Amino acid sequence: MLKTLKSYFGYTSFRPLQEQIITTILQKKDTLVLMPTGGGKSMCYQLPALMMEGTTVVVSPLISLMKDQVESLQANGIIARALNSTNDETTNAQLYFECIQGRVKLLYISPERLLFESNHLLRDIKISLFAIDEAHCISHWGHDFRPEYTQLKVIRQYFPQVPVVALTATADKITREDIIQQLNMRNPEIFISSFDRPNLSLEVKRGYPQKEKIKTIANFLRRHRKESGIIYCMSRNGTEKVASLLEEEGFHAGVYHAGLSNEQREMTQDDFINDRIQIICATIAFGMGIDKSNVRWVIHYNLPKSIENFYQEIGRAGRDGLPSETLLFYSFSDIVMLSRFAAESNQQGINLEKLNRMQQYAESDICRRRILLNYFGETMDHDCGNCDVCKNPPKRFDGTIIVQKALSAIARTNQQVGTRTLIDILKGYATYEVTENGYDKLKTYGVGRDVPGKDWQDYLLQMLNLGYFEIAYNESNHLKITEAGKKVLFGKERAQLIVIQREDARGKKGAKGHKDSAPAPLFVSTVFEEEDAELFESLRQLRKKLADQLAIPAYIVLSDKTLHLLALRKPETIEEFGEISGIGEFKKEKYGKEFLTVISEHLYKG
Ligand code: ADP
Ligand code: ZN
């Protein structure tokens, strides 16, 4: 198994559970695999496919996913083909021929097509294994039900002797049982791996107004030049807006949402995969069809509606296992919007509860990864050291007076204001709404002048989460003081607030006006500290040139990790080149010479 792994894929060890899973499949047992995105699910059936006689048939829901997988297998010299509606007749005739000759090791197929071919092509070839990718699509309970998937029942009827492996990143119990039952799996071995993704850093920023968010993102992007990432926004408008604001800051960002035509969306996705666009502003519609392994960061411009959504979206970063950054913004208006959506939805109770849990995550003062894993039913017995809470534990102070000022202002308006007007009152801004209602005559008018407006945003969010007031969604989002709030207002209890930290928005050292002075390291990780950045850049350019020539994405030519290892170890012979992780026999022969030339030119120039 290890020999096959190295010679085809260039890896020298298995990821957790892969070895046990592959062994089980090789024993022809039915197998269910639950692994997080990036855990290495594909390897679990690709390696058996190479080691067993015949063809492994892989069912996959999306053409873009099939394309990605087939291209990466072919890039490793493995004969893989895809059978779907985009093929023309000549392609199909050729494909049938190769299949019948028994040359194809992996045949990717859409569920509709599988149904049809069960009585045609599939009858005429020797099938070693059925692999059902994204298997949760079979279940109504999953988040991504596809009716076509329910037809996969035919597999057991037509091919009772062929083992089945089902794979998914959706872990919940009902979905799991549904998969087993619907596919009619026989005593399946079930493998559940940890859902932890330690290479993803976690960070949350609370209560930033738009301008501040954009500034913070621009600084973030300067640290990630030449690296790909996604900015998720709540609305279509949001994506367009963020993209144009970033444009003003000198960043080119693509836009992706359900309001665009299919062609436009495909083009954007393609530009992203092929590194022609580095930044995508997207609604949640973006991502399902993306297997790009070198997404280096994910930003949430707005709060997602549940932890499931959040985890799936950040999961698109760092599939290659390299350190990747994630950043979540959440603001008062997000909560107002999302609460309204949830309240108006069919499953009000569940959706409000999910939002609640998401909010608790964002507001947490204990290790965020512990909260995430706990949510998915895993317990973690240590802090992660890779989230903002671990790195920079929140400090509290006695904020009683701040809370009293805000609550007293709310009380004096007879609880008839929302956050914006409240802040105007506290700051002493004579806006139309303030003067029109005589709020400028209140005793509390201007009492919060000494606190910056954006800090008021933050404190009010904290107060909401501490339960000092509620938002009356049915009364123009006016703020209503709760019993807990009254206790603080009347001095019966004191309030602990978190000290606001904003170093990022002002640049690393709090220096203002140094827009472009921030250094732009190619890679944020410390893992490759010793690497030669100049060499890495030359290697990256060669990879891009080869990718364009071969019309495949750069990360399929060589992964980011492999490229970093080359820049670090600087192999000088073809054997040394072949020892690098991610380089199998085929890539060694195909790319060795050109990469070695770049390395030796770099080593011996001048
Ligand atoms: P998933 O389908 O679970 O999201 P993938 O199968 O796409 O994950 O694998 C994620 C990445 O991990 C791929 O780039 C793959 O080549 C890599 N990978 C898989 N198995 C190994 C391994 N044993 N060693 C190193 N890298 C691996
Ligand atoms: Zn942590």
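Just one of the listed residues (E112, E98, E53) is over 23 Å from L322 (Cα atoms), part of a loop (DSSP other than H, G, I, E, B) and of a type in the set (D, E), namely E53.
Answer yes or no: is there a residue in segment 129-145 that is assigned by TED's automatic domain parsing to the domain that holds S324, touching a strand residue (DSSP E or B) at 6+ places or on another chain (Cβ under 7 Å) and among the aromatic types (F, W, Y). No, segment 129-145 contains no residue that is assigned by TED's automatic domain parsing to the domain that holds S324, touching a strand residue (DSSP E or B) at 6+ places or on another chain (Cβ under 7 Å) and among the aromatic types (F, W, Y). If you take the residues in segment 33-59 that are within 13 Å of ligand 1 (Cβ to nearest atom) and of a type in the set (V, I, T), which one is surrounded by the most Cβ atoms within 10 Å (Cβ to Cβ)? Step by step, filter segment 33-59, then rank; the result is V33. Only residues that are in a helix (DSSP H, G or I) and either on the phi > 0 side of the Ramachandran plot or basic (K, R) (or both) were counted in segment 543-566, giving 4. Tell me, please, whether a residue that is touching a Gly at 6+ places or on another chain (Cβ under 6 Å), part of a helix (DSSP H, G or I) and touching a residue at least 60 places away in the same chain (Cβ under 8 Å) can be found in segment 397-407. Yes: one or more hits.
The condition (being assigned to a strand (DSSP E or B), in contact with a strand residue (DSSP E or B) (Cβ under 9 Å, 6 or more places away or on another chain) and buried (at least 16 other Cβ atoms within 10 Å of the Cβ)) is satisfied by just one residue among L460, L422, L479: L479.
Is segment 315-322 home to any residue that is in a strand (DSSP E or B), out of contact with any Lys or Arg (no Cβ under 7 Å at 6 or more places or on another chain) and of a type outside the set (S, T, N, Q)? Can you show your working first?
Our first condition is that a residue be in a strand (DSSP E or B); within segment 315-322, this holds for none.
Scanning segment 315-322, I find no residue that is in a strand (DSSP E or B), out of contact with any Lys or Arg (no Cβ under 7 Å at 6 or more places or on another chain) and of a type outside the set (S, T, N, Q), so the answer is no.
Out of all the residues in segment 197-224, which are under 21 Å from E249 (Cα atoms) and acidic (D, E)? Within segment 197-224, just E212 meets the criteria.
Can you pull out every residue in segment 274-303 that is among the aromatic types (F, W, Y) and open to solvent by 10 Å² or more (accessible area, probe 1.4 Å)? Of everything in segment 274-303, just one residue is among the aromatic types (F, W, Y) and open to solvent by 10 Å² or more (accessible area, probe 1.4 Å), namely Y301. Checked against (1) open to solvent by 50 Å² or more (accessible area, probe 1.4 Å); (2) acidic (D, E); (3) in the same structural domain as G289 (by TED's automatic domain parsing), E177 passes all but a single condition, namely (3). The residues in segment 425-451 that are part of a loop (DSSP other than H, G, I, E, B) and of a type in the set (D, E, K, R) can be counted, and the count is 3. Residues in segment 126-139 that are in a loop (DSSP other than H, G, I, E, B) and in contact with a Leu (Cβ under 8 Å, 6 or more places away or on another chain): D133, E134.
Out of all the residues in segment 426-438, is one or more in contact (Cβ under 8 Å) with a residue 40 or more places away in the chain and farther than 27 Å from F220 by Cβ? Checked segment 426-438: no residue is in contact (Cβ under 8 Å) with a residue 40 or more places away in the chain and farther than 27 Å from F220 by Cβ. Among the candidates R369, R319, the residue that is surrounded by 17 or more Cβ atoms within 10 Å (Cβ to Cβ), among the basic types (K, R), closer than 24 Å to I290 by Cβ and away from ligand 1 (no atom under 16 Å from the Cβ) is uniquely R369. The strands (runs of 3 or more DSSP E) found entirely in segment 140-210 that carry 3 or more residues being within 30 Å of R502 (Cα to Cα) are 204-206. The set of residues in segment 83-95 being acidic (D, E) and part of a helix (DSSP H, G or I) consists of E89 alone. Considering only residues of segment 372-411 that are more than 30 Å from R494 (Cβ to Cβ) and open to solvent by 80 Å² or more (accessible area, probe 1.4 Å), which is nearest to ligand 1 (Cβ to nearest atom)? Step by step, filter segment 372-411, then rank; the result is T379.
The values are calculated or read from the model by the stated rules, or taken from the named source; none is laboratory data. These numbers were taken from a predicted model, which means no experiment stands behind them. Note: ideal-geometry Cβ built from the backbone for every residue, glycine included; neighbour counts use all protein chains shown. These area figures cover heavy atoms from the full protein model, side chains too; ligands, DNA and RNA do not enter into them. Shrake-Rupley method; radii C 1.70, N 1.55, O 1.52, S 1.80 Å.
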